[in-house]
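Taking it in order: structure first as structure tokens, then the write-up.
The values are calculated or read from the model by the stated rules, or taken from the named source; none is laboratory data. Just so we're clear, the structure is a prediction, and the values are computed from it rather than from any experiment. Quick reminder, even Gly has a Cβ in these numbers, built from the backbone with ideal geometry, and neighbours come from all protein chains shown.
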Amino acid sequence: MANLQGKRIILGITGSIAAYKAAMLTRLFIKAGAEVQVLMTPGSTQFISPLTLSTLSKRPVYTQVTSEESWNSHVELGLWADAMVVAPLTANTLAKMAHGICDNIITATYLSARCPVFFAPAMDLDMWTHPSTAENVERLRLFGNYLIEVGTGELASGLVGAGRMAEPEAIVSTLGRYFRKADTLHGRRILITAGPTHEPIDPVRFIGNHSTGKMGIALAEEAAARGAQVHLVLGPSALATQHPRIELQRVQTAGEMHEAALSVFPGCDAAIFSAAVADYRPAQPAEQKIKKSAEALSLDLVKNPDIAADLGQRKTAGQYTVGFALETQDAEANALRKLERKNMDLIVLNTLEDEGAGFQHDTNKVSLLRKDNKKRSFELKPKREVAADILDELQELAAWKKDGL
Ligand code: C5P
């Protein structure tokens, strides 16, 4: 059971059928020790009565910025709260939040809130998969808000697929975890490499790979949420991230990634190597575009620096390194050899066998193997939760603070 003792939570409820779950959510927040201020859009009151929620939260529910009885200061509310949760979040309110529209008590409070904001979308399958929804979710995430992933299953319309609001228990435990971990990495500096590298063949072509950088970005965001100062060295990725404690440095090649990592590592407490670094690069990239002429073309390749191995050698007492291994056979033995060879403290073993794991997915399934031979295997989970498991393990093996409450 999550501990939210003394935490002040604003719960914003918007007009989705999943609003009926907000009663249970309110009850669970209160049971966990939180104070809950419920805000509702007028639309949501069609699905669940403000009276139910004010009874459960033991506070008046606000449905308007101004009403005949009072003016509800969204600025004061935003300052009062330790966290704001919008659950369920409709496609409509999501779009408003993503674009700064503030035409009701929830959107106005969101815009002036200084606390972390969590959002749990709920909508029908086709609305959820619409590109504008995907873009708005990404915008909200990039503003630093926390997505509570939708579930998959039967929807109110009868369609089956993604779009269900996360269960109230999952929402409460997400907040519990957030507060428990909030400052546990305060004062730590963490270097993270992420994404692919592009090794130029000529001015227009390169050797690359399918890495997206998602896992590394999830690690950076989770470490920053726990209070760490993060230096993220990101290869060419279409993704981005924004957080006041993440310093994002974009690079193209393994050589540039190596140089960037080398220069910040001495001031870091740990380095996590999640990048898929090209092992080889063209020995002499052509200065001009290579013309198509001969039937066959050979490229001379030379080995790239191994960033993890190099920093593993340079590591001093009190510094920790974490790497990844993607193996297709004899996985565990190979991963352990890699951990040893690169002088790592922890290695994350990815499997490609499982649906939804590895490159280009939002989920991953990993085992964590430690230098001291301890091993933990996890289920398929969203990458953000995988990132939390990896940081938990690092914090434990380094004997750093693990729990804040
Ligand atoms: O040897 P392999 O490429 O399988 O090792 C994977 C691990 O080593 C990953 O953590 C990866 O980020 C890191 N690595 C690196 N520099 C390289 C190759 C791999 O940092 N040139």
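Before moving on, here are some points about what is shown:
- Within segment 322-333, considering residues that are near the ligand (Cβ under 9 Å from one of its atoms) and not charged (D, E, K, R), the one modelled with the lowest pLDDT: 326
- Residue list for segment 276-300, restricted to those being within 13 Å of the ligand (Cβ to nearest atom), part of a strand (DSSP E or B) and not aromatic (Phe, Trp, Tyr): 276, 281
- Scanning segment 157-171 for residues that are β-branched (Val, Ile, Thr) and in contact with a Gly (Cβ under 9 Å, 6 or more places away or on another chain) yields a total of 1.
- The lone exception for residue 278 - which of (1) under 16 Å from residue 371 (Cβ atoms); (2) within 25 Å of the chain's Cα centre (by Cα) it fails: (1)
- Every pair of residues 6+ apart whose Cβ atoms lie under 6 Å, when the first sits in segment 385-405 and is surrounded by fewer than 18 Cβ atoms within 10 Å (Cβ to Cβ) while the second is aliphatic (A, V, I, L, M): 404/182
Residue-wise test of (1) within 25 Å of the chain's Cα centre (by Cα); (2) charged (D, E, K, R).
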| site | (1), (2) |
| --- | --- |
| 249 | yes, no |
| 254 | yes, no |
| 268 | yes, no |
| 301 | no, no |
| 307 | yes, no |
| 327 | yes, yes |
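- Among the conditions (1) closer than 23 Å to residue 397 by Cβ; (2) surrounded by 14 or more Cβ atoms within 10 Å (Cβ to Cβ); (3) touching a Leu at 6+ places or on another chain (Cβ under 9 Å), residue 308 misses just one, which is (3).
- Single residue of segment 68-127 satisfying the filter (among the aromatic types (Phe, Trp, Tyr) and out of contact with any helix residue (DSSP H, G or I) (no Cβ under 9 Å at 6 or more places or on another chain)) that is surrounded by the most Cβ atoms within 10 Å (Cβ to Cβ): 80
- The requirement of being loosely packed, with under 14 Cβ neighbours inside 10 Å and within 14 Å of the ligand (Cβ to nearest atom) is not satisfied by residue 242.
- Residue within segment 85-98 that is free of Cβ contacts under 8 Å to residues at least 24 places away in the same chain and not polar (S, T, N, Q) present: yes
- Residues that are more than 23 Å from the chain's Cα centre (by Cα) and among the β-branched types (Val, Ile, Thr), drawn from segment 1-22: 13, 14, 17
Rundown of residues vs (1) touching a residue at least 60 places away in the same chain (Cβ under 8 Å); (2) more than 24 Å from residue 266 (Cα to Cα); (3) of a type in the set (Gly, Ala, Ser), yes/no style:
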| position | (1), (2), (3) |
| --- | --- |
| 188 | yes, no, no |
| 197 | yes, no, no |
| 205 | yes, yes, no |
| 208 | yes, yes, yes |
| 212 | yes, yes, no |
| 217 | no, no, no |
| 227 | no, no, yes |
| 230 | no, no, no |
| 240 | yes, yes, yes |
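- Qualifying residue in segment 191-203 (condition: within 16 Å of the chain's Cα centre (by Cα), exposed (fewer than 15 other Cβ atoms within 10 Å of the Cβ) and polar (S, T, N, Q)): no
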